[in-house]
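Throughout, read-outs are computed from the coordinates displayed, never taken from laboratory work. Worth saying up front: this structure is predicted, and the values here are computed from it rather than measured. Cβ: placed from backbone, ideal geometry, glycine included. Neighbour counts: every protein chain shown.
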Amino acid sequence: MGRGLKRGLYIGLIASVVVAVYVWFKYRPDGVASYAEHLSNSLFQIGLLLLIIGVVIFSRLFSFRRRYNLPAIIPKGKTPEDVAELKAEDEERNERDKLELAERGRDATFLVAAGVAILVSILLTLDQML
């Protein structure tokens, strides 16, 4: 988990720098306030994108059917042997997922990166809120 936090901080800070350079070249803002506003809006959007990616990875969304033992939609023409083979593969993947989760835990890299990007976005507009 600690590795994910450090990587998330690095990704969040790198995303902030890349967005700052992009906003500078794209908008050529007149003053600091205009630059901070454009940068805040762009960073917030990047933060939301990282949040979506982070939730999908953290929750292991794409393997939910297999992990919760939901029945697969079996196309017509499958024999019982094919169905048994598919179930055996699913059980093997479930065991491998359990071992991997126990060893490495959940990866919070993108969640931390999203938090960093959104926090920087909020800090850039703090003077406008007060």
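Side notes on the structure shown:
- The calculated FRET efficiency for the pair Leu119 and Ser63, based on their C-beta separation and a Förster distance of 35 Å, comes to about 0.70.
- The modelled label-to-label distance between Leu86 and Leu49, using points 7 Å beyond Cα along the C-beta direction, is 3.6 nm.
- Only aspartates and glutamates eight or more places from Lys98 in sequence, or on another chain, were considered; those with a Cα closer than 19 Å are Glu89, Asp90, Asp107.
- Highest-first packing order for the peptide set 26-35, 8-17 is 8-17, 26-35, based on the mean count of other beta carbon atoms within 10 Å.
- Once the Cα-Cα distance is subtracted from the 0.36 nm per residue extended length, the Val21 to Leu99 segment shows a gain of 23.9 nm.
- Across the range 1-56, Cα-Cα pairs farther apart than 16 Å form 48% of the total.
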